[in-house]
Structure formats: structure tokens, C-alpha cells
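Have a look at the structure below, then the notes.
The values are calculated or read from the model by the stated rules, or taken from the named source; none is laboratory data. On a predicted model such as this, the values are computed, not experimentally measured, just so you know. Note that we place each Cβ from the backbone using ideal geometry, even for glycine, and neighbour counts take in every protein chain shown.
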Amino acid sequence: MTRSSNRGARRLQIGLNVMFGLPGETREDFEQLKQLLNDYAAFKDRIIFNPALNFCYFPEGCDVSVSPDTYGVDLTLGELYWFEKNGANDFLSRLAKFEEFCALARRLGYANLFG
């Protein structure tokens, strides 16, 4: 009796969690992340991108919350609504990246946890 090579075969599913707006993140960094979606679109049936709903936040006790000046971050608006002191990164810019990333993933046919 021969065994079929497909019998009982399982497909590997890859889940990638994505955060937006780390301190110091540039537009070029974000474009590289979007390029990743394009580069692996042929495998979209095996990859799930999970964009972080909080984008990038700093809960109490993490390095950034303990030493925000080291990272150029102002936390006066809280752990979620922080902004970079140089003005390059704030909640609305992170939201825009989230929406742009999700729209591209949707157009390319990727699944994600949020539909």
C-alpha cells in the first residue's frame, strides 16, 4: 500500500504582527514595509498580516515610558497619543499609516485578523 504524499499534509500559515510609528521611523521605513506586502503577494494565501490596533504605544514600565527623552518622545498625552518632539510622528500619522497599510493589504488580497 502506498501513501499519498498529500494525505494528512498541512500547510504552513505565517502570521506577521505589524506596528506603525516606532520612534525614528521614516517614510522610507514604512515604504519598505509596504513593499513587503507586494513582494510576498504570491503567497498571500499562506500569510496573515495583523496590524496592531494600537499602532505603537508605551505602557508604564517600558523603556520609553521610563526614559522618554532618550527616545525623543513626549508622553504628556498618554501612552497611546504620544508624539515625537521633532513633530515627525504623532497619533494621526500612525493612524494614517495603519489605514494605508490595511488598504494595500486588502487590495492585494491578504487576510488579517480584523477582516
Worksheet entry | Subset of the stretch 66-115 (residues that are touching a residue at least 24 places away in the same chain (Cβ under 8 Å) and of a type in the set (D, E, K, R)) | Glu84, Arg94, Lys97, Glu100
Worksheet, complete the sentence: Of the residues in the stretch 51-87 that are of a type in the set (A, V, I, L, M, F, W, C), in a loop (DSSP other than H, G, I, E, B) and within 18 Å of the chain's Cα centre (by Cα), the one that is modelled with the highest pLDDT is Trp82
Fill in: Complete set of residues in the stretch 88-105 that are over 30 Å from Asp45 (Cα atoms), surrounded by fewer than 17 Cβ atoms within 10 Å (Cβ to Cβ) and within 16 Å of the chain's Cα centre (by Cα)
Asp90, Leu92
Fill in: Filter result (surrounded by 14 or more Cβ atoms within 10 Å (Cβ to Cβ) and among the charged types (D, E, K, R)) within the stretch 10-28
Glu25
Response to the item:
When every residue in the stretch 38-57 that is touching a strand residue (DSSP E or B) at 6+ places or on another chain (Cβ under 7 Å) and hydrophobic (A, V, I, L, M, F, W, C) is compared, the one surrounded by the fewest Cβ atoms within 10 Å (Cβ to Cβ) is Ala52
Discussion item. If I ask for residues that are of a type in the set (Lys, Arg) and touching a residue at least 24 places away in the same chain (Cβ under 8 Å), which ones from the stretch 13-55 would you list?
Written reply: Lys34, Lys44, Arg46
